[in-house]
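Bear in mind these aren't lab numbers, they're just calculated from the coordinates by the rules spelled out. What you see is a predicted model, and the numbers here were worked out from it, not measured in a lab. No Cβ is skipped: glycine too gets one built from the backbone with ideal geometry, and neighbour counts run over all protein chains shown.
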Amino acid sequence: MPFIALTAGAVLAAIDQIIKYFIITDLKPVGTVNVLGDVFKLTYVENKGVAFGMFQGMQWIFIVLTAVLLGAIIFYMFKKRPQSKFFYVTVALIVGGGIGNLIDRVAYNYVVDYLSFSFFPPVCNFADYCITVGVVLLAVYLLFFSEKEKRGKLQ
């Protein structure tokens, strides 16, 4: 399962990079395109910080921190080998999104953002949503399923 999770993460990172390629080549010159009126727009943004554009100009810290966190998650996955497929889905999402944004930070010194919703002010990208969903699902796993899995192994 760990290799399947890493492969799925690599696929998600590739999807993220393909989307960003088209965003850079087609949306960057235009800036913004309304998709659903004012509710949803594609808006090209170069984010030199993290969530909500905080901590601008600290790219090397984010690169190191991301690499360490991804390494820790992957190490845990191979060391503990949880039995839950749910856990591996969370890992695939977090790793895929983390690698997608890490590639941007290394290649451009910023992250390409483009998804803009009127009800959620910051402009985000596919990788951000992968990470967010993955972290939320990981919290659900840790709160509700990991103890049951441990007890199942003890019986």
The chain: angle of helix 2-22 to the longest principal axis, Cα-based, in degrees nearest 10: 0
5 angstrom amide H check on Met58, placed H, neighbours 5+ away: none
Cα pair distances exceeding 27 angstrom across the chain, given as percent: 29
Phe3 paired with Asn109, simple spin-label distance in nm, labels 7 Å along Cα-to-beta-carbon: 4.0
Using alpha-carbon coordinates, inclination of helix 59-80 to the longest axis of the chain, degrees: 30
Fewest-first sequence of Lys20, Lys48, Lys79 by Cβ atoms within 10 Å of each Cβ: Lys79, Lys48, Lys20
Least to most buried among Ser84, Ser118 (fewest other Cβ within 10 Å first): Ser118, Ser84
Contour minus Cα-Cα distance for Val33 and Ser84 (0.36 nm per residue): 14.3 nm
Mean-position separation - Cα centroids, the stretch 115-131 and the stretch 63-101, in angstrom: 21
Fewest-first ranking of Val112, Val140, using other Cβ atoms within 10 Å as the exposure measure: Val140, Val112
Beta bridges per DSSP with both ends in the chain, % antiparallel, nearest 5: 100
With Cα atoms, 0 to 90° folded angle of helix 126-140 axis to the chain main axis: 30
GNM flexibility winner over the chain from Val11, Val91, Val64 (Cα, springs under 10 Å): Val64
Contact order relative to length of the chain, as percent, for alpha carbon pairs under 8 angstrom and 6 or more apart: 32
